[in-house]
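First comes the structure, then the notes that go with it.
The values are calculated or read from the model by the stated rules, or taken from the named source; none is laboratory data. Keep in mind it's a predicted model, so treat the numbers as computed, not measured. Positions of Cβ are generated from backbone atoms using ideal geometry, with glycine treated the same way; all protein chains shown enter the neighbour counts.
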């Protein structure tokens, strides 16, 4: 050790030694950074980073060696063999390319230190090739012990250093430990190797190398090396900046909703946890508010998805601009949002919710149309309603669903009774899904008769559900539940298939009418489905009638005409259902080729005494005759209603007076005209 220290202090120009040391430190740091960057890359990019690391490392260690050799003062004439000098540079860089390729093999962890050991051997080969390029006028003697030690030092140090940086999650402490080992290996190699190098001058009469010239040459070499190493550093910094920007964008995208720019569910969860920790420390309360837009689906269905997206963007922007520092709003998905508000009292939460409600009720211009979305809101307060974040969010969600189904225009605060009601609704949703999957639903058929002859014209298929514990569930209750749970389309397919299967078994070839929801009608595959069901069941197409409402048709007239055209081409009939209760547009009747108009039951109820109802019914019947479209009146329940409709010339009727909805096994009694169905010729005023 003393021999090495004596070699450094007595036989070297310390200024050039300092320059060499700085080059060694800088080059080692850049080399290891580039090598670590290669760890997270793959394919051609991985080799590219390894090559840059090898160029920077090879150039750095070669420059360190030759600047240090220029600092060496042997008391004898010296010169450099240019061929061997250049060869030593090639050995350094080429050896590092091979070394880093070995260390980058991922098959086994041992390849990293093995590649590092090859780095040490490459440095040793470069050093001693450079020593042979160093010609001196004197007798040279090598001390074997120092030679062996000079080779072992970089092998061991480089093996550990490369192993440390061969992990993607490189921390600063581990990195600088690796740099230190790398520098120790290079410095140990050079100066231990120089301690092994002993010169006996053959003459004492020689001209010393000008120290200034040596310094200038050393600095020139250093500058060239710094350019090479700096190029690697620049590549690393540019890549790091690009990666940092990309990662920042990815983090933003991961935490924010792409459509609205609001924080997403992940950000909401993180914020909720942070607010919970703050509340526990400060003793203040906070509220979670669940938000669901009321008319978003209507906007989507009538104006299109682009209009719905624009409405979401406008509402989100308005909410974001209205928030105070203790308020937070996130979009959870679809038309669902959630807010967090730090509060002292329930009154503060109500004021915040009222501010949000004003935003939802404010008109939104979408194209040339002004719409309002409205919203249902439910709130749960920590720690009154729940301690755990998940439970608090769930309770706010329950309160929001209660507000939605109770048509509340004010925020609903959670209580245990609300929770039980909404949980029951959700349980019914799961039970309905199970009933659909297990084929536990049923169809009842309500007869449709000619009012002039009493002949059975057909039957309308009506879905029924009997819950195993709760008994029969009304369609007015389970159809909205089906809509909430996305089951409407599946239920429609089930009813269509089952109704066609049943109709094939009837003795009399009557028509079967099946309702098609707006959701099901907007499916471009509906004509194909109808065709497949007809082929599968063997039902003649003229015996199937699909009932549609105007709501299902008005969103996209061209698309609706195309779908209806395909269905009509199959030979299937079409009926306009609930005419008079919706838009009742004459344009609809003119544009679409309906085979029947179904008059809504609201106009039949009271027709025997209400002049306005009678006038409307008369106008619809006249319209039907003018367009040569038969009219069927729904909801006939009394003989008086029947008499008025017959007298006014209504073609067909349906209602409890003619027959209640019945299972398929009870249809025989409705096959023949009932005695009470014979025409009556008295006029009712």
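Residue-wise test of (1) touching a helix residue (DSSP H, G or I) at 6+ places or on another chain (Cβ under 6 Å); (2) under 19 Å from residue 639 (Cβ atoms); (3) in contact (Cβ under 8 Å) with a residue 40 or more places away in the chain.
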| residue | (1), (2), (3) |
| --- | --- |
| 425 | no, no, yes |
| 431 | no, no, no |
| 443 | yes, no, yes |
| 452 | no, yes, yes |
| 458 | no, no, yes |
| 461 | yes, no, yes |
| 464 | no, no, yes |
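Can you name the residue in the range 262-278 that is out of contact with any helix residue (DSSP H, G or I) (no Cβ under 7 Å at 6 or more places or on another chain) and either within 14 Å of residue 336 (Cβ to Cβ) or outside the structural domain of residue 382 (by TED's automatic domain parsing) (or both) and, of all such residues, is surrounded by the most Cβ atoms within 10 Å (Cβ to Cβ)?
268
Those residues that are farther than 16 Å from residue 64 by Cα and crowded, with 17+ Cβ neighbours inside 10 Å, I need them from the range 17-44; list them, please.
Within the range 17-44, 32, 33, 34, 35, 36, 37, 38, 39 qualify.
More than 21 Å from residue 330 (Cβ to Cβ), surrounded by 14 or more Cβ atoms within 10 Å (Cβ to Cβ) and at pLDDT 80 or above, is that true of residue 281?
Judged against the criteria, residue 281 is not a match.
Can you work out which of the residues in the range 316-348 that are surrounded by 19 or more Cβ atoms within 10 Å (Cβ to Cβ) and more than 20 Å from residue 273 (Cβ to Cβ) is modelled with the lowest pLDDT?
335
So, in the range 399-409, how many residues would count as being surrounded by fewer than 24 Cβ atoms within 10 Å (Cβ to Cβ) and more than 16 Å from residue 295 (Cα to Cα)?
Qualifying residue count, the range 399-409: 1.
Restricting attention to the range 636-650, does a residue exist that is in contact (Cβ under 8 Å) with a residue 60 or more places away in the chain, closer than 21 Å to residue 512 by Cα and touching a helix residue (DSSP H, G or I) at 6+ places or on another chain (Cβ under 7 Å)?
yes
Just need a number here: residues in the range 391-416 that are out of contact with any helix residue (DSSP H, G or I) (no Cβ under 9 Å at 6 or more places or on another chain) and farther than 18 Å from residue 483 by Cα.
3
Only one of these is surrounded by 15 or more Cβ atoms within 10 Å (Cβ to Cβ), in contact (Cβ under 8 Å) with a residue 40 or more places away in the chain and more than 50 Å from the chain's Cα centre (by Cα): 125, 117, 159, 133. Name it.
133
Return only the number of the condition from (1) closer than 30 Å to residue 646 by Cβ; (2) out of contact with any helix residue (DSSP H, G or I) (no Cβ under 7 Å at 6 or more places or on another chain) that residue 469 does not satisfy.
Result: residue 469 passes all but (1).
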